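These notes are about the structure you will find just below.
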Amino acid sequence: MTSETMIEMSSVHKWFGELHVLNDINLKVAKGEKIVICGPSGSGKSTLIRCINRLEEHQRGEIVVEGTELTNDNRSVEKIRGEVGMVFQQFNLFPHLSILDNCSLAPIWVRKLPKIEAREKAMKYLKRVQIDDQAHKYPAQLSGGQQQRAAIARALCMEPRIMLFDEPTSALDPEMIKEVLDVMVGLAEGGMTMLVVTHEMGFAKEVADKIIFMDEGQIVESKNPTDFFSNPESERTKTFLSQIL
Amino acid sequence: MNKNITPPVIEIGVIGWLRKNLFSTWYNTILTLIGLYFIYLIIPPLLSWIFFDATFSGTNREDCTSSGACWVFIKQNIKLIIYGLYPSDELWRVNIAYFLLTVSIIYLLIPNLKYKGFVGIFLLIIFPIICVFLFSGGLGLENVETRLWGGLFLTLVIAGVGIVLSLPIGIMLALGRRSKLPVVSLLSTIFIEIWRGVPLITVLFMASNMFPLFMPEGVNFDKLIRALIGVMFFSAAYLAEVVRGGLQAMPKGQYEASQAAGLTYWKMMALIILPQSLKIVIPAIIGSFIALFKDTTLVLIIGLFDFLGIIQFVGTNPDWLGFSHEGYVFAATIFWVFCFGMSRYSQRLEKKLDTGN
Ligand SMILES: Nc1ncnc2c1ncn2[C@@H]1O[C@H](COP(=O)(O)OP(=O)(O)O)[C@@H](O)[C@H]1O
Ligand SMILES: [Mg+2]
């Protein structure tokens with residue numbers, strides 16, 4: 001592949017106290033690439049993607065996002081957070097603000113867009129996730145699926161070049177999972193670079209360019225979906241797949 | 001389906017309410033009856049004293065011949081009680097402030113009016129600045145020394161300054177205490193704990209008597225300003241802990257979502273964290289303000305005559321000896337009106353800011 005590298009992690013290590021949560025992570029993500037990360041609970045999936053926008057700090061190795069290395073320099077962190085959108089398992093919408101204000105807040109205060117423009121942009125993305133009719137409600141008045149779509153719209157309003165998803169459907173009732181996955185598929189088709197932690201293997205098969213299996217802080221397997229499901233190399237991957245499929 | 005069915009009479013209306021709340025069990029019934037008996041013992045004589053047997057008209061103590069309260073005492077001294085010794089020719093300055101304050105508060109209390117934000121900002125920032133010039137002089141106004149300030153006017157100045165300044169300082173202290181920078185956190189903690197560990201009386205004594213000892217010769221800080229600073233930091237330390245409680249109630253996800261969106265620390269605090277955590281602790285914040293309002297009466301011990309102080313003072317006037325009951329009842333009523341008003345406002349604010357989470 002000749003295309004531009006968006007994220008490069010080289011020999012990244014992280015510890016929580018004694019616990020070695022990330023153990024020698026090497027990962028290269030090209031522009032437009034969709035990567036699905038799976039693995040047992042506690043294997044370090046969240047920590048890995050949270051290191052990319054510095055919600056967690058890595059202690060060794062190097063993370064470069066769009067040519068900017070993540071260091072303790074606040075400017076590099078701010079720059080990268082501007083390029084990277086994140087969607088959380090628990091939505092984390094701002095409950096004291098309407099959906100519209102949730103979406104226009106960062107464009108106004110971080111991107112310094114005029115208020116009107118930020119609101120137009122917010123409406124555009126709310127329309128894309130099909131909840132523009134809920135724009136003036138508060139998060140607590142929406143269903144889980146609607147909240148998560150609002151959270152995706154909120155992230156998109158910053159027009160990020162990379163989107164991180166940390167188990168975006170795990171907190172949802174089964175009947176709402178599809179509406180959120182559909183939005184994510186749409187986003188993938190639009191060419192967004194995506195890192196998705198999920199156990200939705202249907203989604204992985206449909207959109208992933210690469211599936212990564214993590215265990216005990218290491219990347220155990222990293223393959224395209226066909227190979228990943230048909231001939232996994234590691235025993236741990238096989239066991240995991242047998243449990244969730 | 002039967003749509004028009006109504007609940008049984010027993011469960012609704014006055015009777016239903018009485019049954020449910022006052023006579024639900026035999027011991028509830030006994031408590032209700034005992035309560036009613038005490039009300040019967042206390043309320044009628046009190047009402048007679050305050051209203052029915054009281055004297056409202058007249059100019060001196062000889063006019064008070066009935067067995068009830070002598071409100072003439074309050075009426076004749078009302079200027080002292082409201083303005084202290086503020087010069088008669090300059091009272092209009094205090095009146096303007098009373099007027100602006102009343103109008104702004106009424107405006108804020110009327111539901112659904114526009115521009116309440118601006119009125120709030122006026123009340124919290126511009127109005128106090130206007131008051132500084134109005135009360136003490138400057139800009140062509142004659143200087144009025146603070147030792148002449150007194151009565152309700154002084155109480156409102158102390159409480160107002162305390163309320164307006166202690167909240168922002170308290171918020172900064174709370175943020176400081178939770179800071180990741182050890183020095184900031186340690187200093188904030190020490191500051192908070194020192195002020196919280198000392199009674200307000202001691203603070204006022206120190207401000208009044210000890211503070212001058214530390215000052216270079218000739219530097220003379222106004223006594224009222226010293227008391228104000230003491231009250232302000234004292235209240236700020238308490239508010240800091242209240243606000244910190246609200247901050248601790250914030251889920252981690254709110255911080256993470258703000259950071260992921262690229263907000264800097266101060267924007268995150270100002271736009272996301274503080275609005276939510278302050279909302280949670282509104283009742284406790286107003287509770288602190290009410291305590292502060294009542295604590296202003298302690299300035300009497302450093303020789304400032306606040307509302308209660310001046311009422312006590314006029315009670316010692318030989319012309320009016322023996323009317324302290326009227327004074328205290330009046331003072332208690334006015335204090336109660338202010339504090340109850342704040343408490344109700346807190347409830348309304350809570351309801352209004354509720355977004356269902
Ligand atoms: N803030 C933290 N402090 C200490 N340990 C943590 C923290 N966050 C996560 N961990 C631990 O790190 C490990 C990896 O966590 P995580 O990345 O959340 O795993 P996953 O997302 O794969 O379930 C777990 O054992 C978890 O308990
Ligand atoms: Mg996780």
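Quick look at the values:
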{"read-out": "Interface size B-A, as summed buried accessible area [1.4 Å probe, Å², nearest 100]", "value": "1800"}
{"read-out": "Normalised convex hull volume, the protein assembly as shown, alpha-carbon set, Å³ per residue", "value": "268"}
{"read-out": "Area of B:Arg196 that stays accessible when all protein chains are in place (1.4 Å probe, Å², to 10)", "value": "80"}
{"read-out": "Radius ratio Rg over Rh of chain B, counting only Cα atoms, Kirkwood formula for Rh", "value": "1.04"}
{"read-out": "Stretchable slack from A:Arg111 to A:Asn26, in nm (0.36 nm times residue separation minus alpha-carbon distance)", "value": "27.4 nm"}
{"read-out": "Solvent accessible area, Å² - A:Glu235, 1.4 Å probe, full protein context", "value": "120"}
{"read-out": "B:Thr102/B:Leu31 FRET efficiency (R0 30 Å; Cβ-Cβ; nearest 0.05)", "value": "0.15"}
{"read-out": "Inter-label distance for A:Ala171 and B:Ile229, nm, one decimal - labels placed 7 Å from Cα along Cα-to-Cβ", "value": "4.8"}
{"read-out": "Region B:9-52 - Rg (one decimal) and Dmax (whole number), Cα, Å", "value": "14.2, 41"}
{"read-out": "Of B:Gly162, B:Gly197, B:Gly16, the one that fluctuates the most in a GNM where chain B has Cα springs shorter than 10 Å", "value": "B:Gly16"}
{"read-out": "Average beta carbon contacts from partner chains per residue of A:88-99, 10 Å cutoff", "value": "5"}
{"read-out": "Over region B:56-115 - Rg/Rh using Cα atoms and the Kirkwood inverse-distance radius", "value": "1.20"}
{"read-out": "Rg ratio (alpha-carbon, reference 2.2 N^0.38 Å) - region A:30-86", "value": "1.17"}
{"read-out": "Shielded residues, region B:218-262 - accessible-area loss of 20 Å² or more between chain alone and all protein chains, probe 1.4 Å", "value": "B:Gly253, B:Gln254, B:Glu256, B:Ala257, B:Gln259, B:Ala260, B:Ala261, B:Gly262"}
{"read-out": "With all protein chains modelled, accessible area of A:His13 [1.4 Å, Å²]", "value": "30"}
{"read-out": "Whole-angstrom gap from region B:96-145 to region A:23-89, using each part's C-alpha centre", "value": "51"}
{"read-out": "Most to least packed among B:45-52, A:137-144, B:132-139 [average Cβ atoms within 10 Å]", "value": "A:137-144, B:132-139, B:45-52"}
{"read-out": "Global size of region A:1-134 as Cα Rg and Dmax, reported in angstrom", "value": "17.2, 50"}
{"read-out": "Distance-filtered residues of region A:149-167 - backbone nitrogen under 17 Å, label point 7 angstrom along A:Asp209 Cα→Cβ", "value": "A:161-165"}
{"read-out": "Equivalent ellipsoid dimensions for region B:145-262 as semi-axes, Å, which come from the Cα gyration tensor, largest first", "value": "34, 17, 12"}
{"read-out": "Sites B:Trp17 and A:Arg75, calculated FRET efficiency, Cβ-Cβ separation with R0 51 Å, nearest 0.05", "value": "0.20"}
{"read-out": "FRET efficiency, 1/(1 + (r/R0)^6) with R0 45 Å, evaluated for B:Arg348 and A:Glu233 via beta carbons", "value": "0.10"}
{"read-out": "Paramagnetic reach from B:Ile50 in region B:306-349 [backbone N under 16 Å; point 7 Å along Cα→Cβ]", "value": "B:325-341"}
{"read-out": "For A:38-51, mean number of other protein chain Cβ atoms within 10 Å", "value": "0"}
{"read-out": "Span from the region B:270-338 Cα centroid across to the region B:152-181 one, whole angstrom", "value": "17"}
{"read-out": "Spacing of the two label points (7 Å from each Cα toward its C-beta) at A:Lys127 and A:Ser3, in nm", "value": "2.7"}
{"read-out": "Mean accessible surface per residue for the protein assembly as shown, computed with a 1.4 Å probe while every protein chain stays in place, in Å²", "value": "52"}
{"read-out": "Potential lengthening between B:Ile42 and B:Phe122 on full extension [0.36 nm per residue; Cα-Cα distance subtracted]", "value": "24.4 nm"}
{"read-out": "List A:Arg236, A:Arg50, ordered by accessible area with a 1.4 Å probe, largest first", "value": "A:Arg236, A:Arg50"}
{"read-out": "Interatomic Cα distance distribution for region B:1-140, bins of 10 angstrom, percent", "value": "9, 17, 15, 20, 23, 11, 4, 1"}
{"read-out": "Low-density loop positions, GluC sites (Glu not before Pro), region B:204-303 - DSSP coil, at most 12 other Cβ in 10 Å", "value": "B:Glu217"}
{"read-out": "Length added when fully stretched, B:Asp319-B:Ile78, from 0.36 nm per residue minus Cα-Cα", "value": "85.3 nm"}
{"read-out": "Within the protein assembly as shown, percent of DSSP bridges classed antiparallel, to nearest 5", "value": "55"}
{"read-out": "Loop sites in region B:213-317: chymotrypsin sites (Phe, Trp or Tyr not before Pro), DSSP, at most 15 other Cβ within 10 Å", "value": "B:Phe221"}
{"read-out": "Cα→Cβ-extended label distance, 7 Å offset, between B:Ile194 and B:Ala270, nm", "value": "2.9"}
{"read-out": "Chain A - convex hull of the alpha-carbon atoms, volume per residue in Å³", "value": "132"}
{"read-out": "0 to 90° range, to nearest 10: angle between helix A:174-189 axis and chain A longest Cα axis", "value": "90"}
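The values are calculated or read from the model by the stated rules, or taken from the named source; none is laboratory data. This is a predicted model, so every value here is computed, not measured. Please note: Cβ atoms are built from the backbone with ideal geometry, for glycine as well, and neighbour counts cover all protein chains shown. Calculation scope for accessible area: heavy atoms of the full protein, side chains included, ligands and nucleic acids excluded. Shrake-Rupley method; radii C 1.70, N 1.55, O 1.52, S 1.80 Å.
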